[in-house]
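Student: Below is the structure I would like to discuss, written out as structure tokens.
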Amino acid sequence: MLVSSPLLFAHKTVLAPMVRVGTLPMRLLALDYGADIVYCEELIDIKMAQCERVVNDVLGTVDFVAPDERVMFRTCSEEKGRVVFQMGTADPERALVVAKLVENDVAAVDVNMGCPKEYSTKGGMGSALLSDPEKIESILSTLVKGISKPVTCKIRILPTLEDTVNLVKRIERTGVAAIAVHGRMREERPRHPVHCDYIQAVAESVSIPVIANGGSSDMVKTFEDMEKFRAAAGASSVMLARAAMWNPSIFRQQGALSVEEVMEDYIRYAVRYDNNPFNTKYCLCQMLRDRVESPFGKRLHAAQTNEEICEVFGMTDFYNKTKAELEARKAALQTNGDQSEQPKLEDDVITMPVRFERRDYPPQITPKMYLLEWSRKEKLDQPVYETEQRTQDRAFQSTVIIDNKKYRSALWEKSKKFAEQAAAIVCLRTLGLPEGRIGEEHSGLVNKRKRDDRKCAALDDNESAFVIFSVLFSGAISLITH
């Protein structure tokens, strides 16, 4: 089996981690234009620890999905060997949980120790860590020992050169593969000059690669400027934030493209990978810069969907074609879906990778109701559900026991109720029984209730759902009273 080589950080041009900017479309665009390494936006450990890793076969991505179904992090094979996952954390154990969750889908894991914004520092994360070197050592050492991928960190400089050098020496001893240094102090902002002398002193004091960051405002305007910044800072590599946000084609050795061309390239990735439209719009507005108040910018700002954004850029045909391709792929996967959901026997439990989707069932109809009705019809003991909760993300998994057999979904759910429904689905599908989904034919259970099916056939879908529920309910009452 081929084993991929670890990511190396010397002599690289790097897309910096940027909140709301470093999502998948921007990362892929930067790689296309010549960046060697791309960092995702800072993602908070508490939120990521609750996520579930989901393979998205329609998009060809791996998604890390929160309990509220938001995609917190999306990645794909095109960037797998070059994407660094950056987290915000102040807890070694929780950091390790998140790192283990993502390590097989990224090239390295980075800890943010440089962000001065309140959303990061208020939890003791970001630049707040710079005041706690013991915690820095604990977090980094835990990660280095706990995962197989390289671990890095990104810091800001401290008020004195001596303190900065002493800190990075302590960081190096944890075993990290590289350190990115933003050449400004915590209280400084982009209008303040970058301290290249501090970065140079850091680079001279450690043996690991040092990545210089902070030169977008006054030093880096072109591709050639990146090398000048690297030399001035005495660093191994260069990391760009705002210069790349404004025009990621700055990574092109042949020279930057027009912003208009870059925005269209960005939109193609945004549509192809179903990017959140508000994130798409935000990134495009950053590229427009002072033109965001122009008539064109106002039209863009008014757009609410990726389709409307494409209309603004005259890319409607591209949008329609891409969405049609994705829908066709989705339909093909659904057609073949049964083959990937065959039940498997694990120990004494029959499992399938299924999830309960409330929208797939009529109001008041659930798989648990169908399973209960079937058990009564067969004169079996009613189903028993045993549910456990995972500590790291508080997700649930349930096992249903019926007729001395156990059934369980291989996927974890966001609530106990959903986990029980998923277990019921596994049982029903394994036994070849209906589960009550919208569009599913009426079950034999309902048909045998001696109701007038001719009336049901004349009703619309909503009325049919009501009749099914009434039948199930009246049947349950009939069994109880008799």
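The values are calculated or read from the model by the stated rules, or taken from the named source; none is laboratory data. For clarity, every value in this text was computed on a predicted model and none was experimentally measured. Note: ideal-geometry Cβ built from the backbone for every residue, glycine included; neighbour counts use all protein chains shown. These accessible areas exclude ligands, DNA and RNA; they are computed on the full protein's heavy atoms, side chains included. Shrake-Rupley method; radii C 1.70, N 1.55, O 1.52, S 1.80 Å.
Student: So, with a 1.4 angstrom probe, what is the percent of accessible area on region 92-215 that is carbon and sulfur?
Tutor: The nonpolar share, carbon plus sulfur, comes to 49 percent.
Student: Find the accessible area per residue for region 37-118; the probe is 1.4 Å, ligands and nucleic acids are left out, and the unit is Å².
Tutor: 35 Å²
Student: One-quarter of the Cα convex hull surface for the chain, in nm²?
Tutor: Mean projected area for the chain: 27.6 nm², to one decimal.
Student: Nearest 5 is fine: what % of DSSP beta bridges in the chain come out antiparallel, could you say?
Tutor: 40 percent
Student: Before anything else, pin down the relative contact order of the chain: Cα pairs under 8 Å, at least 6 apart, normalised by residue count, whole percent.
Tutor: Result for the chain is 11 percent.
Student: Could you tell me the center-to-center distance, by alpha carbons, between region 418-436 and region 113-188 in angstrom?
Tutor: Using only Cα atoms to place each centre, the spacing works out to 48 Å.
Student: Of the listed pairs Lys122/Lys149; Lys12/Lys228; Lys323/Lys416; Lys100/Lys368; Lys80/Lys221, which have alpha-carbon separations greater than 25 Å here?
Tutor: Beyond 25 Å: Lys122/Lys149; Lys323/Lys416; Lys100/Lys368; Lys80/Lys221.
Student: In whole percent, and with a 1.4 Å probe on the protein chains, what portion of the accessible area of region 385-434 is carbon and sulfur?
Tutor: 45 percent
Student: Taking K and R as +1 and D and E as -1, what net charge do the other residues with C-beta under 11 Å from the C-beta of Arg291 add up to?
Tutor: Summing Lys/Arg as +1 and Asp/Glu as -1 gives -1.
Student: State the answer as a single residue: which of Leu371, Gln304, Leu345 lies farthest towards the positive end of the charge dipole of the chain, with beta carbon charges of +1 for Lys and Arg and -1 for Asp and Glu, about the Cα centre.
Tutor: Most positive-ward Cα: Leu371.
Student: Then there's this: Can you give me the accessible area per residue for region 235-331, using a 1.4 Å probe, in Å²? Present the calculation step by step, with values, prior to reporting the outcome.
Tutor: Details: 4680 Å² over 97 residues.
On a per-residue basis, region 235-331 sits at 48 Å².
Student: On to the next question. Tell me, what is the Rg over Rh of region 90-229, with Rh the Kirkwood radius over Cα pairs?
Tutor: Working: Rg = 14.9 Å, Rh = 15.5 Å.
Taking Rh as the inverse mean 1/r over Cα pairs, Rg/Rh reads 0.97.
Student: Can you spot the aspartates and glutamates whose alpha carbon is less than 18 Å from Lys281's alpha carbon? Ignore those fewer than 8 places along the same chain.
Tutor: Within reach: Glu41, Glu260, Glu261, Glu264, Asp265, Asp290, Glu293, Glu307, Glu308, Glu311.
Student: Would you mind giving the three semi-axes, in whole Å and largest first, of the ellipsoid equivalent to region 327-436 according to its Cα gyration tensor?
Tutor: After diagonalising the Cα gyration tensor, the semi-axes are 21, 18, 15 Å.
Student: Compute, for the chain, the length of the dipole vector about the Cα centre, with Cβ point charges of +1 (Lys, Arg) and -1 (Asp, Glu) only. Units Debye, rounded to 20. Can you show the working numbers first?
Tutor: Numbers: 65 positive and 69 negative charges, 114 e Å.
Dipole size: approximately 540 debye.
Student: Over region 77-194, what is the relative contact order in percent, taking alpha-carbon pairs closer than 8 angstrom and at least six residues apart?
Tutor: 25 percent
Student: Further question: Below 19 Å, Cα to Cα, which aspartates and glutamates can Lys145 reach? Residues fewer than 8 away in the same chain don't count.
Tutor: Asp45, Asp91, Glu93, Glu103, Asp105, Asp110, Glu134, Glu137, Glu172
Student: Can you spot the lysines whose alpha carbon is less than 22 Å from Lys330's alpha carbon? Ignore those fewer than 8 places along the same chain.
Tutor: Once the sequence-local lysines are set aside, what remains near Lys330 is Lys321.
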